[in-house]
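Remarks on the structure that follows.
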Amino acid sequence: MKLIIGLSIGIAFGAVLQLGGASSYRKIMGSLLLKDLDIIKLILMAIAVGTVGIYALDLVDMANMSIKPTYVAGIVIAGLIFGVGFAVAGYCPGTCVVAAAEGKTDAMMTVLGGLAGALLYALLYPAFSGLIGVANYGQITFATALGVDGIWIAIPFSAILLILMFKVLKDRYD
């Protein structure tokens, strides 16, 4: 049942991305150049709703929260790979899947490149697993650092994102 719920949420999210224009290279480039704020607003809305949603599901034991360890070397390397991939392809992982589903060849190649990268990572992981110990801060979150339940961080965080989305990020069309 959880898989069906997850699949349904994924399909709905993909539909929202597609309807919001997140599969359009022009819209994505417009957001990166801060000329078109629609995608940025869409992302902020998704983060705000998703954050409260996942912590609310966790409160009623319907989510399996698995906090990964915070190790700086891995975060820096992954950030660089993500940034270069985004700059070269013009898509992030979610938007390239939506664009590939629309039949865009460049997005299909991006998905294949991502899968090849995941395979390469899996093959090379044993050689680089020692990096995990470098600057490893463990499973830290704002909630655990403050000693509160995650929902009490998620609600104000999401409220700030929604205020940013509706009040601060106004473009010339609003």
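The values are calculated or read from the model by the stated rules, or taken from the named source; none is laboratory data. Just so we're clear, the structure is a prediction, and the values are computed from it rather than from any experiment. Every residue, glycine among them, receives a Cβ derived from its backbone with ideal geometry; neighbour counts consider all protein chains shown.
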Counted residues in the range 63-78 being farther than 20 Å from T144 by Cβ and in contact (Cβ under 8 Å) with a residue 40 or more places away in the chain come to 2
Flagged pairs (Cβ under 7 angstrom, 6 or more apart or on separate chains; first in the range 109-129, free of Cβ contacts under 8 Å to residues at least 60 places away in the same chain; second surrounded by 12 or more Cβ atoms within 10 Å (Cβ to Cβ) and assigned to a helix (DSSP H, G or I)) are T110/A89; T110/C96; V111/C96; V111/V97; V111/A100; G114/P93
- Query: Within the bounds of the range 11-34, is there any residue that is closer than 30 Å to F128 by Cβ, surrounded by 15 or more Cβ atoms within 10 Å (Cβ to Cβ) and in contact with a Phe, Trp or Tyr (Cβ under 8 Å, 6 or more places away or on another chain)?
  - Reply: no
Given (1) within 19 Å of I40 (Cα to Cα); (2) assigned to a helix (DSSP H, G or I); (3) of a type in the set (D, E, K, R), D106 misses just (1)
Subset of the range 22-62, residues without any contact (Cβ under 8 Å) to a residue 24 or more places away in the chain and under 16 Å from I160 (Cβ atoms), comes to I43, G50
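For the structure I just gave you, tell me whether A145 is among the aliphatic types (A, V, I, L, M), loosely packed, with under 10 Cβ neighbours inside 10 Å and either touching a Phe, Trp or Tyr at 6+ places or on another chain (Cβ under 8 Å) or modelled with pLDDT of 85 or more (or both).
Taking the combined requirement at face value, the residue satisfies it.
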Of the residues in the range 62-112, those that are surrounded by fewer than 12 Cβ atoms within 10 Å (Cβ to Cβ), of a type in the set (S, T, Y) and under 26 Å from A154 (Cβ atoms) come to S66
The range 1-103: helices (runs of 4 or more DSSP H) wholly inside it with 2 or more residues that are under 19 Å from L169 (Cβ atoms) and touching an Asp or Glu at 6+ places or on another chain (Cβ under 8 Å) are 25-32
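Checking the condition under 17 Å from K68 (Cα atoms), surrounded by 12 or more Cβ atoms within 10 Å (Cβ to Cβ), out of contact with any Ser or Thr (no Cβ under 8 Å at 6 or more places or on another chain) and among the aliphatic types (A, V, I, L, M), which residue from L131, L162 passes?
Matching residue, one of L131, L162: L131.
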